[in-house]
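Undergrad: Attaching a single structure in structure tokens format; questions to follow.
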Amino acid sequence: MGSPSRWRPVLASSLLALVPKDDPFTGLRYPLFTLLAAMAVTLLVTPFVRRFAISKGAIDDPTRDDRRVHTEPIPRWGGLAIFLGIAVAILGILPFAYPFRPFPWYLIGLLAVCLGILVVGMRDDVHPLSAKVQMAVLLGAGVAVQFLFDSAGRVQISGIGLPIGPGQDWVSFGWAAVPLTAVYLFVVTKTMDTLDGIDGLAAGIASIAGGTLSIIAAYEGQPRVAILAAAVAGSSIGFLRYNYNPAKIFMGTGGAQVLGFMLAALSVVGALKTAAALALFIPILVFGVPFLDAVVVVVRRVLGGHPVTQADKRHIHHVLLGQGLNQRQAVWILYLLALVLCSVLVTIVRTNG
């Protein structure tokens, strides 16, 4: 397939589509500061988290099952560094961007719930939890986060705008919004978790998704959501310094689920609500790679007569590795696919307003 350097011109052109034409910094100044702050914090704390994970025995053993593609024990719990990068950047930047009301209730609830997800995930990294327990935790988190809100926003898909005729008709989901939102958050979170199978894949996809959501939120007049999404992207980029092949640390269950849950929640608070006519395109394209991976895995397991929750080597990255690619080549192919999908989405948003 060649080296990653051959794909960089294509990646560069995809990235250019994500940048506003007139003034690339309009509405993105605070998000850029937040991205850099989150990246810096994660870069600084990850080595300490790595040593902490080793001291506590949070090590990924490659002999535990045949799905592992690494050959040496690697410390986990990198999600702790990712969460710290996100939280510190948000807590440091928002008071400057919103001096009179920096932390709305939905944000406080989101950070609290993500902290809980992180703790449970770190527990799973050492003493694995069953699929049913993990599902119950994530669905419970998806319900809980909906009940802390104010006028600044709410993590809930309360309805959808349908472009009918010259205007839009709003279809309210009523009481069904609670379970629908919880399921949506669960699906995105779990797909991001299962995507974390080779070095740098989940962190890179989260970087692209977070950056895309930040740009869309800035376009759609959601500056606070743009800042929060930029924090996710920045922390993920910082973590890639240690997670890119050959990885020195894994983000673990907690890290992958925190990234997935926060990105899913931000898509609900910001872009998914403001671009009502494009609501279906946003999750499909922003989370296109993890969604595609999940669909492929489920279909292959069903056709093979295996339980849907059974872990195996049917993921897209395993297929690419099976074709003779190395880990770096496989992740760059999936990075490129994510960038193309997100570029298409930003182009649609810019075109349709």
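Read-outs throughout are calculated quantities, based only on the coordinates presented, and are distinct from any laboratory measurement. Worth saying up front: this structure is predicted, and the values here are computed from it rather than measured. No Cβ is skipped: glycine too gets one built from the backbone with ideal geometry, and neighbour counts run over all protein chains shown.
Undergrad: Would you kindly work out the equivalent ellipsoid of the range 110-242 from its C-alpha gyration tensor and give its semi-axes, the square roots of five times the eigenvalues, largest first in whole Å?
TA: Ellipsoid half-lengths, sorted descending, are 28, 21, 14 Å.
Undergrad: Share of Cα-Cα pairs in the range 176-328 beyond 20 Å, in percent?
TA: 50 percent
Undergrad: How much length is gained if the chain between Val171 and Phe96 is pulled fully straight, taking 0.36 nm per residue apart and subtracting their Cα-Cα distance, in nm to one decimal?
TA: The Val171-Phe96 span can extend by a further 23.3 nm.
Undergrad: Taking amide H positions as placed 1.01 Å from N in the peptide plane, with prolines and chain starts having none, which residues 5 or more places from Asp60, or on another chain, fall under 5 Å of its amide H?
TA: Residues meeting the amide H criterion: Ile74, Arg76.
Undergrad: How large is ³J(HN,Hα), in whole Hz, for each residue of the range 234-239 in order, when computed from phi with the Karplus curve 6.51 cos²θ - 1.76 cosθ + 1.60 and θ = phi - 60°, using x for Gly and Pro?
TA: Working through the residues one at a time gives x, 5, 5, 5, x, 5 Hz.
Undergrad: Percent relative contact order of the range 123-230, based on C-alpha pairs within less than 8 angstrom and at least six residues apart?
TA: So the answer I get is 18 percent.
Undergrad: A further question on this structure: How far apart, in nanometres, would the label points at Phe103 and Val143 be if each is projected 7 angstrom from Cα along the Cα-to-Cβ direction?
TA: 2.7 nm
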